[in-house]
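Chemist: The following block contains the structure, expressed as structure tokens.
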Amino acid sequence: MIVIRAAARSVLRRPGQAVLIGIAIVAATAFAAASLLIALNARTALVAFGMSTPAAADAVVLPHAELATEAVTEIAERARTLPGVDEVAVEYLGDVEVQLGGSTTVWKLTSDPGTGPLSGIGALTAGAPPEIGEVVIGSSTAERSGASVGDVFVAGGHELTVAGIGQVHEFGQDVALIREQDAVAIGDAMTPMQIFVTGEPDLDVLSAVAGESTVVGGEERRAEEARSVTDTLVGVFGALTVFVGLAVLSAVVIVSSTFRILLARRAAELALLRCVGASRAQVRHSVLVEAAFIGLVGGAGGVAVGLAAAAVLVAAARGAGLVDAPFDAAPAGLIACLVLAAACSIVAALPAAQAAGRTSPVTALGEARSSDARPLRGGARGLTAVTAAAFAAAAAIAGVAVAPTDEFLGLALAALSGTLVFAALVAVGPFLIRWSALLLRPLASRSVALRLTMSNARRASRRTAAMTTVLTLGVGLTAALTVGVAGATADAEASVARNFPTAAIIPVDLVDDPDAVIDRLSADPNVEARLADADILIDPAPGVAPEALRSAVLDRLDAGIPVYWAADVQAGTEQTILIGQLIGAAMIGVTLLVAMIGVSVTLALSVAERRQEIALLRALGVSRAGTRRSVAAEAALAATIGAGIGVAVGCGYGLLALHILGMAGGVPPFGALAVLGAGVVGASVLSALAPMRTASRVQPAIGVAAR
């Protein structure tokens, strides 16, 4: 109880210090909580989207791949006559050319009964369920296409009327639900995928009717689809976990450095506790209890922020029609985030607590107020760095070795290698700061502010290194993403150029008479068509616009002949890359935010620790502007070193990831990387504005007298 009371009084006596320690924990916990909730709700939404089997289906027939549409229709008709069968519906799917309002696009069409338990039509905002010859389209599809209830369009040569607009799973693609009879009328562009059966059918009897087709129970089919969706999300969740872990690691580095500085300022207080009878263990436990308390409070704040952010994002997704299920708050997961915050705070405080317990009262009463000025244990740090670097190299080599057979494992090993490199940089960070200060010393000969910065960097290298390492992590991740996206985009463009040497292609194995198709296309003066290898290559005539080429090709071809357009493939690829880039940028943004918080917190503590020193400098003639420039230069020094190392390491790991994924990569985007480095330095200086202002307000007489 004595230990707990001492820790509580320490927090209550210095609430500002508790806030400085806890702010990084708040940011990291908020990120972890929001990521967890978004991932859980996204999984629910994606499973629902990937679940093509209606909840009412009691049996599912999966047609044999070689069955024609007529044979599938015959199986469905026989199933309707079986005892115990209530309803039967065939699901047809197809990407079909749609002509609407003078433009031609590709829509994904799905057959639907229109009404009843097997219908997948949600709430309609306009119109009614479709009859034969009618469709229901999604709200986003209606907005993009400009379609409204009553409009007529042509899909695969078949006229259809918009009967309703409402809730349909779209995910950025134009879609429409049509009746089964219309899917059959459209022809080969619509493929029969499943036959749904409701009631109490005998699966053995149904199997006899289905012949070579597969028959499974409805529950079994839905469970199989859920597993399939979940398996595809393993990589996404794995990447999310890595980013959450790195953000938490950044917070641990910041909190550890903060505790070290604060306990150095409280060395005399802790020594007095030892003098009045407190044991080493009690001093250590007091520090750890204080850390746990700050971690719990900061974790609670972070959980609240993360919960609110996730709820807002899910509500926005629901408004866009991407999510139907209610928001899942996952109380157990939030409690786990809270426990993680407290545990990370305790782990971060362990080195400082151990140091506080080891120091004798006499030594503590007389030592310097900056723990960062103590000698560095070069041997231990060097051994740690060498060991981490060796394991990092081994992990990178192993990732390249396993990449041909398991790309996900290769990327995981590359991420492990990068984490180990970060650990090595943490170990040697103080030495990097000292060496950098020595190299930059000639540049500071004419500036008092720069000389003060270099002196502080050499004397308190641990403090500056804490800022540098978290900045290195954020910049490294951003640089890796920049290089990876640039390489993936270049690889995708090269792939499209290889596979689409012309504006469009038609695979010859998908048409009955390639020569006749070429003759019909070539008869149009807007089209140039020729046969090459296994494809019919299509280009516009000189001076013909892409839109005119599309219209001409569709007018000359029979319904059902697929045409693959290079522009469509390129647009889809760019959209996929953009989505990945935005998700990665959001995750990295949080890591950089934690790093900026670390810069601000560490500099604020640095100013508080050096209050007497700043006052003496002011008394000796250093101006307010000079003290501000000194703090800004310290932030700029840490940011420059962190940005330089981060860009170099991130660029290397970005190229490594591209190699593991089998992409050429090419030349890194040096311009974007230079902008990144300069931006981080500028943001770090902006993060130092509050500490700069505090430093400039120190009065010479007040500061000299302060303890």
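The values are calculated or read from the model by the stated rules, or taken from the named source; none is laboratory data. Source: prediction; values computed, not measured. Positions of Cβ are backbone-derived with ideal geometry, glycine not excepted, and every protein chain shown enters the neighbour counts.
Chemist: Which one of these does A486 not meet: (1) surrounded by 24 or more Cβ atoms within 10 Å (Cβ to Cβ); (2) among the aliphatic types (A, V, I, L, M); (3) in contact with a Pro (Cβ under 6 Å, 6 or more places away or on another chain)?
Modeler: Of everything listed in (1) surrounded by 24 or more Cβ atoms within 10 Å (Cβ to Cβ); (2) among the aliphatic types (A, V, I, L, M); (3) in contact with a Pro (Cβ under 6 Å, 6 or more places away or on another chain), A486 misses just condition (1).
Chemist: Please identify the pairs in which a residue from segment 279-296 that is assigned by TED's automatic domain parsing to the domain that holds I23 and closer than 24 Å to T29 by Cα has its Cβ atom under 6 Å from the Cβ atom of a residue that is part of a helix (DSSP H, G or I) and of a type in the set (K, R), counting only partners at least 6 apart or on another chain.
Modeler: Cβ pairs passing all conditions: none.
Chemist: Any idea how many residues of segment 539-558 are free of Cβ contacts under 8 Å to residues at least 24 places away in the same chain and among the aliphatic types (A, V, I, L, M)?
Modeler: Residues flagged as free of Cβ contacts under 8 Å to residues at least 24 places away in the same chain and among the aliphatic types (A, V, I, L, M) within segment 539-558 amount to 4.
Chemist: Moving to a separate point now. Please report, ordered by residue number, the strands (runs of 3 or more DSSP E) entirely within segment 69-167 with at least 1 residues that are β-branched (V, I, T) and under 37 Å from the mean Cα position of the chain (by Cα).
Modeler: Because the criterion is at least 1 residues that are β-branched (V, I, T) and under 37 Å from the mean Cα position of the chain (by Cα), the strands (runs of 3 or more DSSP E) in segment 69-167 that meet it are 85-100, 103-111, 124-127, 134-138, 158-166.
Chemist: Considering only residues that are in contact with a helix residue (DSSP H, G or I) (Cβ under 6 Å, 6 or more places away or on another chain) and more than 16 Å from W565 (Cα to Cα), look in segment 499-525 and name the one that is modelled with the lowest pLDDT.
Modeler: So, considering only residues that are in contact with a helix residue (DSSP H, G or I) (Cβ under 6 Å, 6 or more places away or on another chain) and more than 16 Å from W565 (Cα to Cα), the one modelled with the lowest pLDDT is V511.
Chemist: Which of the following residues is among the β-branched types (V, I, T), assigned by TED's automatic domain parsing to the domain that holds I178 and either in contact with a strand residue (DSSP E or B) (Cβ under 9 Å, 6 or more places away or on another chain) or in contact (Cβ under 8 Å) with a residue 60 or more places away in the chain (or both): T69, T29, T115? Before the answer, list the steps.
Modeler: Values: T29 fails: assigned by TED's automatic domain parsing to the domain that holds I178; T115 fails: either in contact with a strand residue (DSSP E or B) (Cβ under 9 Å, 6 or more places away or on another chain) or in contact (Cβ under 8 Å) with a residue 60 or more places away in the chain (or both).
Within the list T69, T29, T115, the selection yields T69.
Chemist: Turning to a different aspect of this structure: Does P442 fit the bill of being assigned to a loop (DSSP other than H, G, I, E, B) and surrounded by fewer than 21 Cβ atoms within 10 Å (Cβ to Cβ)?
Modeler: Working: assigned to a loop (DSSP other than H, G, I, E, B): no; surrounded by fewer than 21 Cβ atoms within 10 Å (Cβ to Cβ): yes.
In short, no.
Chemist: Additional query: For the condition assigned by TED's automatic domain parsing to the domain that holds E131, free of Cβ contacts under 8 Å to residues at least 12 places away in the same chain and of a type in the set (D, E), what is the one hit in E87, E77, E97, E91? Please lay out each step first, then the result.
Modeler: Details: E87 fails: free of Cβ contacts under 8 Å to residues at least 12 places away in the same chain; E97 fails: free of Cβ contacts under 8 Å to residues at least 12 places away in the same chain; E91 fails: free of Cβ contacts under 8 Å to residues at least 12 places away in the same chain.
Answer to the selection: E77.
Chemist: Return the only residue of R459, R451 being free of Cβ contacts under 8 Å to residues at least 40 places away in the same chain, in the same structural domain as A683 (by TED's automatic domain parsing) and surrounded by fewer than 20 Cβ atoms within 10 Å (Cβ to Cβ).
Modeler: Details: R459 fails: free of Cβ contacts under 8 Å to residues at least 40 places away in the same chain.
Result: R451 is the single residue among R459, R451 that is free of Cβ contacts under 8 Å to residues at least 40 places away in the same chain, in the same structural domain as A683 (by TED's automatic domain parsing) and surrounded by fewer than 20 Cβ atoms within 10 Å (Cβ to Cβ).
Chemist: Taking the stated definitions as given, is L554 assigned to a helix (DSSP H, G or I), closer than 24 Å to D509 by Cβ and not assigned by TED's automatic domain parsing to the domain that holds A185? Show your work before the answer.
Modeler: Numbers: assigned to a helix (DSSP H, G or I): yes; closer than 24 Å to D509 by Cβ: yes; not assigned by TED's automatic domain parsing to the domain that holds A185: yes.
When the stated conditions are applied, L554 passes them.
Chemist: Checking the condition part of a helix (DSSP H, G or I), touching a residue at least 12 places away in the same chain (Cβ under 8 Å), over 23 Å from the mean Cα position of the chain (by Cα) and surrounded by fewer than 21 Cβ atoms within 10 Å (Cβ to Cβ), which residue from A385, A437, A390, A401 passes? Outline the logic, then answer.
Modeler: Values: A437 fails: surrounded by fewer than 21 Cβ atoms within 10 Å (Cβ to Cβ); A390 fails: touching a residue at least 12 places away in the same chain (Cβ under 8 Å); A401 fails: touching a residue at least 12 places away in the same chain (Cβ under 8 Å).
The unique qualifying residue is A385.
Chemist: Tally the residues that are assigned to a helix (DSSP H, G or I) and touching a residue at least 12 places away in the same chain (Cβ under 8 Å), restricting the search to segment 649-668.
Modeler: So the count comes out to 11.
Chemist: Further question: For segment 489-541, give me each residue that is assigned to a loop (DSSP other than H, G, I, E, B) and in contact with a strand residue (DSSP E or B) (Cβ under 9 Å, 6 or more places away or on another chain).
Modeler: Here is the first cut: in segment 489-541, the ones assigned to a loop (DSSP other than H, G, I, E, B) are 500-503, 511-513, 523-526, 533-534, 541.
Passing the criteria: F500, P501, T502, A503, V511, N526, A534, A541.
Chemist: Which of the residues belonging to segment 196-239 are among the acidic types (D, E) and modelled with pLDDT under 85?
Modeler: Within segment 196-239, the first condition is being among the acidic types (D, E), and the residues that meet it are 200, 202, 204, 212, 219-220, 224-225, 231.
Within segment 196-239, E212, E224, E225, D231 meet the criteria.
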